[in-house]
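Trainee: Can you read through this structure? Questions will come right after.
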Amino acid sequence: MRSGAKTAIVGAVFVVVAGGVGYGGLNLWNGITGGDASVGTRSDDAPKTGPVTGDEVSATAKDFLAAWAAGESDKAAQLTNDPVTAGPAVLSYREGAGVSKAVITPGTPVGTTVPFTVRATVTYEGASKDWSYSSELTVVRGQTTGRPLVKWQPTVLHPRLTANGTLRTGVSKTAAVKAVDRNGAELTAEKYPSLGPVLDELRKRYGAKVDGTSGVETWIDSGSESVADTTLLVLKKGKAGTLKTTIDAGVQAAAEKAVKSYGKAAVAAIEPSTGAIRAVANSPAGGFNTAFLGQQAPGSTMKIVTATMMMRHGLAMPGSRVECPPDVVSRSATFHNLNNFKIDNGTLTDAFRRSCNTAFIKAIGKLSDKGVADTALGETASRSFGIGQEWNIGVPAVDGSVPESAGSETPASYIGQGKITMSALNVASLSATVKNGGFLQPYLVAKELDDRPFATADPLSDEVAKGLRKMMAATTAGEGTATKAMTGVPSPKGAKTGSAEVDNQSTSNSWFTGYSGDLAAAAVVQSGGHGGDAAGPVVAQVLKAG
């Protein structure tokens, strides 16, 4: 995307500064002045075993940081457990990234991990700027030598550096972009951290389509044409072209705050009447865009589609009586309701609002008689909700998948398990489709910018749309599983909760989707448990901001 620095920095000045408990009394200039490189080795031939000691952690970290600071890439590499990879990476820090000066300050070790801060100066063809950030390293014992070594990973050099990425400084080949929200307010990664990857993609795709000029920057070259580079520092600004997005700054701020309470969470919000994406937020922010790119089982939020399938095939309407026993055997597999609850003489609305698994799984019998049990759910997802079609929203996003199933995967899919995968954006679109009465493909920038095709779907019939809205509204009242989370959210409103079991995960993922007025949203919280407990409050906070 840009032309990188071509020559090495001559006369670079690097310093390691003592800081934090655990470094007192150590010669921090050892790595620069040519001290003993055999730190942590023993006088006898037998490699040392067992956990690394505190002294070994301190000494090894000190020597590595000193070698890195001195620009001694070979020496730094030999102090890691992967010198073949580490050597070129450390070398490129000075030559490729154009770092002409660096002061590295280690912090207090925590076990085998040593945090540190870097205050650097980046220089390129007369342009120069200070650059500060924090990272950390971990010390491990070498498997063959027994020496304490830095566990090599790209994040040692910079916390956002990936295995395929390379630090570069140079002239950008992509014009600078000033992204603004629906009302013209500027959107920056500093103010809205979750938008960082999105803004990078927008620049990559649309920088050439808006008026602007290139500047001088430090960035992470992703190493892939399909992944946008990540700008880390602007040494010399280019003229930014203005790019209007559909984001609503107020809703975005609420989304950022809502997911921040959880270690791993994602939320997306859509305007049902237009398909415009109003917010996208992830925790942790600035990394993988789970809200758009996640591929996870959506749990019982999928019952929106299953209920649609049942109504379309004449199996039940909201007021129809359905069976909801504590458990059911389907395709030789046993499925249970939460805590084995049952509903006596209940309706489809009762089953929906209390998220009765068995009532929806029992639909498989009648659909099997029609010969469509394995395909009806996927056909409904695509035809009525656009799931499985290609969504061109303006940045990369997964399209959702409801594949044809077989055996016990079919009843599992009816409750959002099996092979079904969705992102928060996909699930938010389910609620948006219900509220609008038909699917409108979500989008982040106007299609006119690049004439990209939008996915389409058949409108919901009036009877089905009203039925879904009735059931989703019931879920927010009385015994509905979304009642607590949606308290205080303005009406008209509707919601559906979900939890999805994940292999090797003791607690299920929490899912929740809902709408209020002309805003729909969905959230997933990893290991969050019941939908209303974790994801529900996230969605409610976003809806209240709309």
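Trainee: Go through (1) in a helix (DSSP H, G or I); (2) at pLDDT below 90 and name the single condition Thr155 misses.
Mentor: So Thr155 meets the others, but not (2).
Trainee: Lys257 versus (1) crowded, with 23+ Cβ neighbours inside 10 Å; (2) in the same structural domain as Ala523 (by TED's automatic domain parsing): which is the lone unmet condition?
Mentor: It fails just one condition, (1).
Trainee: Looking for something in contact (Cβ under 8 Å) with a residue 12 or more places away in the chain, under 24 Å from Val329 (Cα atoms), in a loop (DSSP other than H, G, I, E, B) and assigned by TED's automatic domain parsing to the domain that holds Val502 - is there at least one such residue anywhere in the stretch 374-392?
Mentor: Checked the stretch 374-392: at least one residue is in contact (Cβ under 8 Å) with a residue 12 or more places away in the chain, under 24 Å from Val329 (Cα atoms), in a loop (DSSP other than H, G, I, E, B) and assigned by TED's automatic domain parsing to the domain that holds Val502.
Trainee: What's the total number of residues in the stretch 482-508 that are of a type in the set (Ser, Thr, Tyr) and modelled with pLDDT under 90?
Mentor: 1
Trainee: Okay, next question. I need the strands (runs of 3 or more DSSP E) fully contained in the stretch 469-545, keeping only those with at least 1 residues that are under 23 Å from the mean Cα position of the chain (by Cα) and farther than 19 Å from Arg354 by Cβ.
Mentor: Filter on the stretch 469-545 gives 509-516, 519-525.
Trainee: Looking for something touching a Phe, Trp or Tyr at 6+ places or on another chain (Cβ under 8 Å) and either of a type in the set (D, E, K, R) or part of a loop (DSSP other than H, G, I, E, B) (or both) - is there at least one such residue anywhere in the stretch 161-180?
Mentor: yes
Trainee: Condition test on Ser355, is it surrounded by 19 or more Cβ atoms within 10 Å (Cβ to Cβ) and out of contact with any Phe, Trp or Tyr (no Cβ under 8 Å at 6 or more places or on another chain)?
Mentor: Considered against the rule, which asks whether it is surrounded by 19 or more Cβ atoms within 10 Å (Cβ to Cβ) and out of contact with any Phe, Trp or Tyr (no Cβ under 8 Å at 6 or more places or on another chain), Ser355 comes out as yes.
Trainee: Quick check on Ala269: is it among the small types (Gly, Ala, Ser), buried (at least 18 other Cβ atoms within 10 Å of the Cβ) and under 17 Å from the mean Cα position of the chain (by Cα)?
Mentor: yes
Trainee: Does any residue of the stretch 213-234 turn out to be assigned to a helix (DSSP H, G or I) and of a type in the set (Val, Ile, Thr)?
Mentor: No, that holds for no residue.
Trainee: Under the condition of being acidic (Asp, Glu) and in contact with a strand residue (DSSP E or B) (Cβ under 9 Å, 6 or more places away or on another chain), which residue from the stretch 331-377 is farthest from Val464 (Cα to Cα)?
Mentor: Asp344
Trainee: I would also like to ask the following. Please find, among Glu190, Glu125, the residue that is within 28 Å of Lys257 (Cα to Cα) and of a type in the set (Asp, Glu).
Mentor: Exactly one residue qualifies, and that residue is Glu190.
Trainee: Have a look at Val103, Val90 and point out the one that is assigned by TED's automatic domain parsing to the domain that holds Glu72, more than 25 Å from the chain's Cα centre (by Cα) and at pLDDT below 90.
Mentor: Checking each option against the conditions leaves just Val103.
Trainee: Next question, about the same structure. Given the residues Leu519, Leu468, which is the only one that is buried (at least 24 other Cβ atoms within 10 Å of the Cβ), aliphatic (A, V, I, L, M), touching a Leu at 6+ places or on another chain (Cβ under 9 Å) and over 30 Å from Leu202 (Cα atoms)?
Mentor: Leu468
Trainee: Turning to a different aspect of this structure: For the stretch 44-77, name all the residues that are surrounded by fewer than 22 Cβ atoms within 10 Å (Cβ to Cβ), of a type in the set (S, T, N, Q) and within 18 Å of Val114 (Cβ to Cβ).
Mentor: Thr53
Trainee: Looking at (1) surrounded by fewer than 24 Cβ atoms within 10 Å (Cβ to Cβ); (2) on the phi < 0 side of the Ramachandran plot; (3) under 31 Å from the mean Cα position of the chain (by Cα); (4) not basic (Lys, Arg), can you tell me which one Val329 breaks?
Mentor: (3) is the only condition that Val329 fails.
Trainee: Scan (1) of a type in the set (Asp, Glu); (2) at pLDDT 95 or above; (3) within 30 Å of Asp200 (Cα to Cα) for the single condition Asp462 breaks and write down its number.
Mentor: Unmet condition: (3).
Trainee: Right, Ser194: surrounded by 15 or more Cβ atoms within 10 Å (Cβ to Cβ), outside any loop (DSSP other than H, G, I, E, B), in contact with an Asp or Glu (Cβ under 6 Å, 6 or more places away or on another chain) and among the small types (Gly, Ala, Ser) or not?
Mentor: Judged against the criteria, Ser194 is a match.
Trainee: Going by the conditions given, is Lys257 under 21 Å from Arg383 (Cα atoms), of a type in the set (Lys, Arg) and touching a strand residue (DSSP E or B) at 6+ places or on another chain (Cβ under 9 Å)?
Mentor: Criteria not met by Lys257.
The values are calculated or read from the model by the stated rules, or taken from the named source; none is laboratory data. Only a predicted model underlies this, so the values are computations on that prediction, with no experimental measurement involved. Note that each Cβ is placed from the backbone with ideal geometry, even for glycine, and that neighbours are counted across all protein chains shown.
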